[in-house]
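A short worksheet on the structure shown next.
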Amino acid sequence: SVTSSSSDGWGGRIALEAGPSANWRFGLAGTARKTDVESQALNFNVESFGLDVYGGWRSGDVFVNAAVGVARDNIDDIERTTSLAPIVHTAETRALSTGARLQGGMWFDMGGIALSPRAALAYVSSDVDGYYEQGVAAQYQYGDRTVKALTGEVALRAEAEMGRFGVFAEGGYRDALDDSSDPVRVGIYNNPAQVLSREIDDPFGGQFLASAGVQGSVGPVKVTVAYRGRFGDHADSHLGGIQLTLPL
């Protein structure tokens, strides 16, 4: 069986964006994140470094956004408490992920409040290197694994001005349209005859999406403070952030 787990992390993102015309904008963004994951018998740390290229087009009330990206994950300090507790095995591995996202929608001015229904498709592929544990008990060996999924989402965003500040809120739903992930293969190190394979049905599951925030200007800097939540079949997540935008 798989026990529940929790994760806590922090990160940063820096982006350069340019608009060759009023209808087009393009950008390049780099991200770095560190996450600590804990469960009853398994703990590990993840360092992620990503690079995204994105662009957007808008004509009147219609807009289209697209993005592609790549990320490298360093999964270190893997510690598994064996059935012979307190014996703990250790390991580390690496993962490489690529993805693409296409979004389209419209804006409607409702007199003081702007509403935007929108829909998006996203594809992600992640290759996780196989690894084996270090320890004195039976050492598990995990095979290489590729996780692939195509997801679709619909959302409704609302924005309004309140004096010097603007507020926004967004809600929606995301679900997997196709999943072609490899099964999880686990065996005993140096014993290929004892490899077990397990399919994970719908690993992403459906997710309700929610976000809200406030934005305003402090001198030449635009400041956005926001919250984003994901509430799914298998996991919930909460993310808070501050974004600073400085025109050059």
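On the first, second and third principal axes, largest extent first, how far apart are the outermost C-alpha atoms of the stretch 51-97 in Å?
Per principal axis, max minus min of the Cα coordinates gives 65, 18, 10 Å.
Which residues' amide hydrogens lie under 5 Å from the amide hydrogen of G205, considering only partners 5 or more residues apart or on another chain, with H built in the peptide plane?
Under 5 Å from the amide H of G205 lie the amide H atoms of A176, each far enough along the sequence or on another chain.
Explain nothing, just compute: Karplus ³J(HN,Hα) = 6.51 cos²θ - 1.76 cosθ + 1.60, θ = phi - 60°, for every residue of the stretch 109-125 in order, whole Hz, x for Gly and Pro.
8, 9, x, x, 10, 9, 10, 9, x, 8, 9, 8, 10, 9, 10, 9, 9
With an 8 Å cut-off on Cα pairs and a minimum separation of 6 or more residues, tell me the relative contact order of the chain in percent.
10
I'd like the Karplus ³J(HN,Hα) series for the stretch 241-246: coefficients 6.51, -1.76, 1.60, θ = phi - 60°, whole numbers in Hz, and an x wherever there's a Gly or Pro.
Using θ = phi - 60°, the values come out as x, 10, 10, 10, 10, 10 Hz.
How large is ³J(HN,Hα) for each residue in the stretch 169-179, as worked out from phi by the Karplus curve 6.51 cos²θ - 1.76 cosθ + 1.60 (θ = phi - 60°), to whole Hz, x for Gly and Pro?
Running phi through 6.51 cos²θ - 1.76 cosθ + 1.60 with θ = phi - 60° gives 8, 9, x, x, 9, 10, 8, 7, 8, 7, 9 Hz.
How high is the relative contact order of the stretch 131-248, in percent, counting Cα pairs under 8 Å that sit 6 or more residues apart?
21
Sort 116-123, 175-182 by the packing proxy (mean of other Cβ within 10 Å over each peptide's residues), most packed first.
Ranked by mean Cβ neighbours within 10 Å, highest first: 116-123, 175-182.
Coordinate-derived values only; no laboratory data. On a predicted model such as this, the values are computed, not experimentally measured, just so you know. No Cβ is skipped: glycine too gets one built from the backbone with ideal geometry, and neighbour counts run over all protein chains shown.
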